[in-house]
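Working notes, beginning with the structure itself.
Coordinate-derived values only; no laboratory data. As the structure is a computational prediction, the values presented were derived from the model and not from experiment. Cβ: placed from backbone, ideal geometry, glycine included. Neighbour counts: every protein chain shown.
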Amino acid sequence: MLSDSEAAELLSFLTPATRPDVKGRATEYILGLSGHRDGCRFLRSRPDLVAALLALTSDPSIAIVKDCFHVLINLSADETLHQVLVNDVGVLPVLLKNLVDPEYVFSDQICTILSNLSRHEKTCRTVFKVLQEQLGVAQLVDIFCTEGYNQKAKLHYLGPLLSNLTQLPEARTCLLDPDRCVVQRLLPFTQYQASLVRRGGVIGTLRNCCFDHRHHEWLLSDAVDILPFLLLPLAGPEELSDEENEGLPVDLQYLPEDKTREEDPDVRKMLLETLLLLMATKAGRRTLKDKNVYPIMREFHRWEKDVHVAAACEKLVQVLIGDEPEPGMENLMEVEIPEEVEEKLKEADAKEQEELQKEENSRSGPTQ
């Protein structure tokens with residue numbers, strides 16, 4: 001790695017006044033450093049270099065700005081650099097200021113950096129705090145949901161950013177405010193075919209929101225009507241009986257022969273997990289049973305080939321067709337599980353995952 005004198009010389013090249021060709025070679029060199037672990041470790045010890053790169057994101061040279069953002073993406077992918085980027089370099093105010101600019105060329109890169117920085121709870125809290133100070137979650141959702149907000153960027157990675165933010169109860173509270181139409185705006189994106197990243201991010205956000213069981217009745221009510229948006233991606237073209245169709249939400253009735261299901265198994269699993277969370281409360285179970293969810297899940301299970309997704313579907317079906325829990329245990333999220341029982345459940349879950357992996361390996365066959 002560079003000596004202190006070499007690092008100081010490199011830093012002297014990273015100024016707005018430096019000749020563009022010299023500046024460009026310096027940013028290219030740091031980009032190369034950021035591509036491997038030792039280079040990232042070195043840059044972690046030199047926040048002054050990273051701060052200089054952040055300043056150069058306003059350079060007149062597009063090539064230099066592109067290199068600087070590429071470095072920041074690489075560094076933000078390394079959790080050990082998160083505190084340096086957020087606290088020592090102070091990237092968040094600069095990134096968020098540029099993100100809200102509808103003319104900014106590098107907003108997609110900003111979305112990726114923010115998504116990386118918000119993956120882990122500690123830094124996510126800082127991201128959320130600065131976000132609330134500068135624009136707020138509601139405005140972030142507004143930007144995300146406004147088609148063509150930035151003609152030069154797709155902003156798909158705002159989806160994973162929202163998903164990461166909603167690991168925090170305070171972020172979920174902002175989205176689930178009954179007096180503001182925030183979470184409702186995200187619902188149509190559960191079937192957004194142009195981007196798996198955006199679609200998966202929204203479904204992850206909705207799943208996280210469903211951890212707050214006190215909002216389940218509201219989410220399932222006509223005020224939000226979340227259920228059809230979770231079920232439609234799992235529903236296929238299979239013909240159901242008139243009786244089964246009539247019990248379903250209107251959007252799920254008599255689906256066309258060309259109806260396709262969500263293509264990504266991870267997203268299908270998240271949808272099932274969201275439905276299962278909604279069934280943790282008595283009101284949620286009653287609603288899903290009253291809305292005749294079972295036939296959709298029955299046909300989905302027959303169709304599903306991924307063993308992990310099929311297992312998640314089986315758990316959901318067991319709750320759908322099972323008896324109600326005993327009095328005092330209606331809210332499954334509030335039931336206290338004895339420590340020894342919890343250990344046994346963990347062991348059973350680990351064994352189940354092992355069996356599923358074996359089954360998946362046997363299906364895929366030997367590799368060539």
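I need the peptides 86-97, 246-257 ranked by packing, meaning the mean over residues of other C-beta atoms within 10 angstrom, with the highest value on top.
86-97, 246-257
What residues from the range 63-106 fall in the zone where the backbone N is under 16 Å from a label point 7 Å along the Cα-to-C-beta line of Thr146?
From the range 63-106, the list is 96-105.
Give me the net charge for the shell around Leu135: Cβ to Cβ below 13 angstrom, other residues only, Lys and Arg +1, Asp and Glu -1.
-1
Among residues other than Arg25 whose Cβ falls under 15 Å from its Cβ, what is the net charge (Lys/Arg +1, Asp/Glu -1)?
-3
Which of the residue pairs Lys129/Lys152; Lys152/Lys269; Lys259/Lys305 have a Cα-Cα distance greater than 29 Å in the structure shown?
In this structure, Lys152/Lys269 lie more than 29 Å apart at Cα.
In terms of Cα to Cα distance under 21 Å, which lysines are near enough to Lys23, apart from those fewer than 8 places away along the same chain?
Lys66
Taking the highest mean first, how do the peptides 292-298, 158-164 order by number of other beta carbon atoms within 10 angstrom per residue?
Highest to lowest by the protection proxy: 158-164, 292-298.
Applying the Karplus parametrisation 6.51 cos²θ - 1.76 cosθ + 1.60 with θ = phi - 60° to the phi angles of the range 18-27, what ³J(HN,Hα) value in whole Hz is obtained for each residue in order, glycine and proline being reported as x?
Computed from phi, the couplings for the range 18-27 are 5, 4, x, 5, 5, 4, x, 5, 5, 5 Hz.
Would you mind counting up the charge near Arg268? Only other residues with Cβ under 13 Å from its Cβ, with Lys and Arg at +1 and Asp and Glu at -1.
Details: positive: Arg199, Arg207, Arg261, Lys269, Lys305; negative: Glu262, Glu263, Asp264, Asp266, Glu273, Glu304, Asp306.
Result for the local shell: -2.
In nm, give the distance between the simple-model label positions of Phe211 and Asp266, each being 7 Å from the Cα along the Cα-to-Cβ direction.
1.8 nm
Given only helices, namely DSSP H runs of n ≥ 4 each adding -39500 (n - 2.57), what is the per-residue ellipticity at 222 nm of the chain, to the nearest 500 deg cm²/dmol?
Mean residue ellipticity at 222 nm (helix-derived): -18000 deg cm²/dmol.
Among 44-57, 15-28, how do they line up from the highest to the lowest mean number of other beta-carbon atoms within 10 Å?
44-57, 15-28
Pulled fully out, how much extra length does the chain show between Arg125 and Thr18, if you take 0.36 nm times their separation in residues and subtract their Cα-Cα distance?
Value of the extension gain: 34.8 nm.
Loop-only trypsin sites (Lys or Arg not before Pro) in the range 252-285, please: DSSP not H, G, I, E or B, and at most 13 other Cβ atoms within 10 Å.
Answer by residue number: Lys259.
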